[in-house]
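The values are calculated or read from the model by the stated rules, or taken from the named source; none is laboratory data. Owing to the predicted nature of the structure, the values given are computational and were not obtained by experimental measurement. Glycine also receives a Cβ, built like all others from the backbone with ideal geometry; neighbour counts cover every protein chain displayed. Side chains are part of the model used for accessible areas, which takes the heavy atoms of the whole protein and leaves out ligands, DNA and RNA. Shrake-Rupley method; radii C 1.70, N 1.55, O 1.52, S 1.80 Å.
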Amino acid sequence: MIDLIIEKIEKMEKKHQKKETVRSSVVLKVYRANRRARESAHYDSIEVPVERWTTVLDALLYAKAYKDSSIGIRYSCRMASCGSCGMKINGIPRLACYTKVSELEGSTITVEPLTNFPHMRDLVTDFSQFFAHHRDVQPYIQNEEADIKDKAKLSEFMQTPEDLDKFLQFSYCIKCGLCYSACPTVATDTKFPGPQALSQAYRYFIDNRDAGGKERINIVDDRHGIWRCHFAGSCSSVCPKGVDPALGIQLLRGHLLGFSKNEKKVADLQERLKKD
Amino acid sequence: MAMLRESQIMKIHYITGIAALFVVAAHILMRLIMPYNLSLEYDNVIANYHNMPYVVLLESILVLIAIHGFNGLRIILLELRQSKAWEDGVTVLTIVAMMAVIAYGTRTIIVANGLGFE
Ligand code: SF4
Ligand code: FES
């Protein structure tokens with residue numbers, strides 16, 4: 001059994017290796033613009049040495065450290081957790097820290113700021129509107145029964161693995177904004193909450209600990225809300241965390257159209273306390 | 001301004017779209033019960049307008065497609081610009097245009113049928 005698994009892994013690795021291109025250096029074509037300094041948009045080409053494991057973020061940081069310290073980039077964790085290094089890499093929204101140079105074709109890598117976000121400087125964009133949409137859908141558990149201030153009543157809600165499965169994938173969202181950048185509706189309609197906020201609305205709506213479903217539905221059931229999604233699906237194809245925002249949107253629509261039911265069995269805290 | 005929730009409007013949008021598919025299919029099939037060019041001859045067209053079930057079919061095509069089409073137009077226009085005045089203007093304009101098209105089409109059906117004019 002173990003041999004079989006090892007064989008499978010080796011096959012997968014070989015398949016993956018074929019896709020990788022080993023190079024000793026690449027040219028980064030970096031989008032540069034600074035509206036405040038009245039610097040017009042242009043591209044700078046910078047050659048950087050790379051290894052098999054070099055990520056686009058590593059290459060950019062090398063360029064910043066040794067070639068041009070004025071390149072504007074935003075990053076933090078370097079491990080696809082914080083969601084701050086989103087940019088367009090060869091035209092596709094990706095996380096720079098999660099994209100290896102060896103996976104990309106060609107010896108020139110074009111890096112540009114995310115579209116659908118107001119531009120600030122070089123590769124840095126303004127996320128205020130994106131976060132405002134996220135906040136608007138009330139992305140937190142609301143439950144009158146859960147009185148967190150009263151220690152005596154404090155307890156935990158019971159959830160079955162099935163209950164968890166309903167929202168688990170959506171809770172992996174790191175708010176990187178790649179889906180928002182890829183969405184064609186966001187490009188024309190700034191009031192549209194976008195795939196991230198809408199899938200989060202579903203994430204909390206379907207969570208059986210939450211009792212704020214009605215209010216959340218009222219927020220997204222708007223002229224510029226959930227109905228303006230046109231099934232492009234580009235959000236799901238760019239998500240680096242395996243979230244399928246398009247699925248969340250369609251599932252929530254099913255509830256709004258009355259095709260699906262959301263039967264909540266909100267756990268009774270008092271009952272739980274008695275049992276314990 | 002909003003008399004209906006967006007989900008209610010979209011329910012109407014989907015239902016009218018699906019229903020329109022059926023009535024338009026029935027309409028096309030009725031063109032095929034005789035050679036196509038004959039079906040469009042003046043006498044045959046007028047005869048169709050005197051056939052009550054056919055009149056009901058035509059009127060339903062008119063109403064369903066007008067509702068579905070003008071709501072589709074409203075959605076496209078809403079995405080073009082975002083301001084309360086534009087959104088309310090677009091909503092009023094599409095409702096008025098939809099009613100005008102339905103009224104004019106219904107008038108044509110009534111005139112061709114001869115109802116009230118004989
Ligand atoms: S859904 Fe995916 S792409 Fe969108 S913000 Fe969350 S993690 Fe990023
Ligand atoms: S640096 Fe944190 S996700 Fe890339």
Charge tally in the Cβ shell below 12 Å around A:Y62, where Lys, Arg are +1 and Asp, Glu are -1, A:Y62 excluded:
-2
Here region A:249-258 yields Karplus 3J(HN,Hα) values (6.51, -1.76, 1.60; θ = phi - 60°; whole Hz; Gly and Pro given as x) of 5, 5, 5, 5, 4, x, 5, 5, 7, x
Per DSSP helix of 4 or more residues, -39500 (n - 2.57); summed, then divided by the residues of chain B. What does that give at 222 nm, rounded to the nearest 500?
-28000 deg cm²/dmol
To two decimal places, what compactness ratio does region A:128-257 give when its Cα radius of gyration is scaled by 2.2 N^0.38 Å?
1.08
If I take R0 = 45 Å and measure r between the Cβ atoms of B:V111 and B:K84 in this structure, what FRET efficiency does the formula 1/(1 + (r/R0)^6) give, to the nearest 0.05?
0.65
For chains B and A, what's the summed buried accessible area, probe 1.4 Å, to the nearest 100 square angstrom?
1500 Å²
Pop the C-beta distance of B:I76 and A:S70 into the FRET formula with R0 = 56 Å and round what comes out to the nearest 0.05.
0.85
Considering only protein heavy atoms and a probe of 1.4 Å, how much of the accessible area of the protein assembly as shown is carbon and sulfur, as a whole percent?
60 percent
Computed magnitude of the charge dipole of chain A (debye, nearest 20; Cβ of K, R +1, Cβ of D, E -1):
560 debye
Please work out the Kirkwood hydrodynamic radius for region B:61-118, using every pair of different C-alpha atoms, and report it in angstroms with one decimal place.
12.7 Å
For A:E215 and B:L32, extending 7 Å from Cα along the Cα-Cβ vector and measuring point to point gives, in nm, a value of 5.6 nm
Please report the relative contact order for region B:11-112, taking Cα pairs under 8 Å with a sequence separation of at least 6, and give it as a percent rounded to a whole number.
34 percent
Over chain A, relative contact order from alpha-carbon pairs under 8 Å, at least 6 apart, %
17 percent
Pick from A:T185, A:T115, A:T160: which is most flexible by mean-square fluctuation in a GNM of chain A where alpha carbon atoms under 10 Å apart are linked?
A:T160
Obtain the radius of gyration and the Kirkwood radius of region A:32-139 from its C-alpha atoms and give Rg over Rh.
0.98
Sequence of A:F259, A:F131, A:F192, B:F70 from largest to smallest accessible area, 1.4 Å probe:
A:F259, A:F131, B:F70, A:F192
Not counting ligands, DNA or RNA, and with a 1.4 Å probe, what is A:D244's accessible surface area in Å² rounded to the nearest 10?
50 Å²
Taking K and R as +1 and D and E as -1, what net charge do the other residues with C-beta under 14 Å from the C-beta of B:N48 add up to?
-2
Per residue, what accessible area does region A:21-125 have, given a 1.4 Å probe and all protein chains present, in Å²?
51 Å²
Restricting things to Cα coordinates, could you compute the convex hull volume per residue of the protein assembly as shown in Å³?
287 Å³
Hey, what number do you get for chain A at 222 nm if only DSSP H runs of n ≥ 4 count, each worth -39500 (n - 2.57), divided across all residues, to the nearest 500?
-10000 deg cm²/dmol
Please work out how much accessible surface A:C82 shows to a 1.4 Å probe, ignoring ligands, DNA and RNA, in Å² rounded to 10.
50 Å²
Residue by residue through region B:41-48, which ³J(HN,Hα) values in whole Hz follow from phi under the Karplus form 6.51 cos²θ - 1.76 cosθ + 1.60 (θ = phi - 60°), with glycine and proline marked x?
6, 3, 4, 5, 5, 5, 4, 4
Among trypsin sites (Lys or Arg not before Pro) in region A:15-65, those in a DSSP loop whose Cβ has at most 10 other Cβ atoms within 10 Å are A:R36, A:R38
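Please calculate how many Å² of accessible area region A:128-257 carries per residue, with a 1.4 Å probe and no DNA, RNA or ligand atoms counted.
That works out to 45 Å² for each residue.
At 1.4 Å probe size, put A:I89, B:I9, B:I28 in order of accessible surface, largest to smallest.
Putting A:I89, B:I9, B:I28 in descending order of accessible area: B:I28, B:I9, A:I89.
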3J(HN,Hα) from dihedral phi, region A:60-65, Karplus parametrisation 6.51/-1.76/1.60, rounded to Hz, x for glycine, proline:
5, 5, 4, 4, 5, 6
What does the charge count near A:L257 come to, summing +1 for each Lys or Arg and -1 for each Asp or Glu among other residues with Cβ under 11 Å from its Cβ?
+1
